[in-house]
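A quick write-up on the structure given underneath.
The values are calculated or read from the model by the stated rules, or taken from the named source; none is laboratory data. None of the values given here were measured: they were computed from a predicted structure. Here the Cβ positions follow ideal geometry from the backbone for every residue, glycine too, while neighbour counts run over all protein chains shown.
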Amino acid sequence: MTTIDYATPLKFAYWVPNVSGGLVVSTIEQRTSWDYDYNATLARIAEDSGFEYALTQTRYAASYGADKQHEATSFSLALLLATQRLKVIAAVHPGMWHPGVLAKFIITADQLSHGRTAVNIVSGWLKDEFTGFGLPWLEHDERYVRTEEFIRVLRGLWTEQGYSQSGKYYDITDFTLNPPPVAVPGRPHPEIFFGGNSTAAQRAAGRTADWYFSNGRDLEGFKENIAGVTRAAAEAGRHPRFGLNGFVIARDSEREARETLREIVAKAHRPAVEGFASAVKEAGQATQDGKGMWEDSTFEDLVQYNDGFRTQLIGTPEQIAERIVAYKAIGVNLFLTCYLHFQEEIVAFGRDVLPIVRELEADLARQHGTELDTDLLPAVDLDRAAAAVTTTPAGTAPATPAGAAPATPTSILTEVSAR
Ligand SMILES: Cc1cc2nc3c(=O)[nH]c(=O)nc-3n(C[C@H](O)[C@H](O)[C@H](O)COP(=O)(O)O)c2cc1C
């Protein structure tokens with residue numbers, strides 16, 4: 001049984017565009033850059049617009065777009081130092097890091113940022129990144145065996161002195177990390193997010209993670225994920241929270257928003273999307289029950305590579321706010337969002353969508369006999385956010401800002417091999 005937290009306001013995060021090409025594999029104009037200056041400004045804009053988290057992706061090799069990438073942990077630290085309140089979640093692969101080294105790195109970043117670090121544990125899908133580095137590429141479900149051990153080591157080293165753990169992948173003996181992470185009220189250690197969709201991923205997340213992150217899904221689909229994670233969590237006596245990816249297209253009219261989606265898909269880089277689709281679908285069969293991430297994704301879904309259109313945050317601000325609160329009513333606690341033009345669309349989201357979300361959340365709470373705890377709402381400064389935007393509307397600026405990799409077909413590589 002999922003317990004719905006009606007009183008706590010929804011939290012909002014955005015995908016850090018730390019890889020080139022934006023968050024859709026399309027040649028449509030994207031006023032989004034992967035460079036640091038754009039991203040530092042974006043992080044400040046987001047925290048002033050009501051966003052509490054940013055998620056930095058981890059990618060070491062070009063595939064399906066993203067032919068240039070900034071490393072996730074170092075980039076996250078830079079964003080933490082550029083902001084005051086934003087929590088930055090760095091995605092990390094267990095197979096690429098020793099958990100003790102990562103635990104120490106994150107503690108240092110936590111000290112430097114006064115307790116604002118978090119990690120997203122991702123078990124990996126891009127085989128070439130591992131085999132190219134000469135690292136073992138484990139079979140699908142076995143990757144989650146290692147991931148669970150990895151998370152236990154992280155939590156142990158962050159919370160205990162003289163920590164020991166012996167397992168199949170890691171042996172930690174009587175180890176103390178000093179200093180420990182910053183003591184933040186209500187946070188026992190840096191938060192542990194977990195990204196994955198398969199049954200093995202849901203079980204591992206339920207048993208070990210603080211937050212379960214999913215690719216975009218419709219309401220019925222995400223209910224299934226929540227149920228799967230909750231079952232595993234209940235057996236372990238845990239209560240993870242739930243985050244869902246969604247690509248936001250908020251426009252004055254629904255017609256305009258749908259037209260933008262149509263244009264994104266019409267301008268998709270077809271060979272790249274089809275190459276990715278066949279690789280990841282074939283790979284989905286590698287899971288024990290054949291239910292991998294992307295297993296039932298359509299061509300249109302995969303133009304946003306984390307299935308972000310499926311959440312359907314597409315329409316007017318009112319329609320999007322209603323949709324968001326419908327997800328809250330089934331158990332979603334956080335939205336992980338992405339956009340065509342990150343800076344200006346995040347300001348618009350904070351200005352046009354969030355106030356309606358808060359009203360609807362307050363109604364929902366009252367319908368369930370409680371009140372929305374407005375003391376927990378993040379501070380916003382929309383004027384400062386709007387003034388900081390460095391990109392300009394279409395027609396008044398070059399299609400791609402300085403430093404951005406244009407989303408041209410040549411920048412989109414099709415060679416991928418998953419699982
Ligand atoms: C929200 C979210 C974020 C993710 N971020 C990354 C990432 O930054 N790098 C990466 O290699 N994989 C990332 N993944 C992919 C997962 O690690 C995993 O490989 C993927 O979900 C496929 O595994 P599955 O079939 O077990 O779900 C992410 C997944 C989700 C849901």
| For the subset of region 147-186 comprising residues that are polar (S, T, N, Q) and touching a strand residue (DSSP E or B) at 6+ places or on another chain (Cβ under 8 Å), which member is nearest to VAL122 (Cα to Cα)? | THR147
| request: Would you confirm whether any residue within region 113-127 is in a helix (DSSP H, G or I) and among the aromatic types (Phe, Trp, Tyr)? | output: no
| strands (runs of 3 or more DSSP E) contained entirely in region 171-260, each with at least 1 residues that are within 16 Å of the ligand (Cβ to nearest atom) | 191-195, 211-214, 241-250
| note | If we ask which residues in region 110-128 are within 12 Å of the ligand (Cβ to nearest atom) and touching a Lys or Arg at 6+ places or on another chain (Cβ under 8 Å), their number turns out to be 5
| note | In region 1-28, anything under 16 Å from the mean Cα position of the chain (by Cα), modelled with pLDDT of 95 or more and in a loop (DSSP other than H, G, I, E, B) is listed as LEU10, PRO17, ASN18
| query | Out of all the residues in region 134-153, which are among the hydrophobic types (A, V, I, L, M, F, W, C) and away from the ligand (no atom under 16 Å from the Cβ)? | reply | VAL153
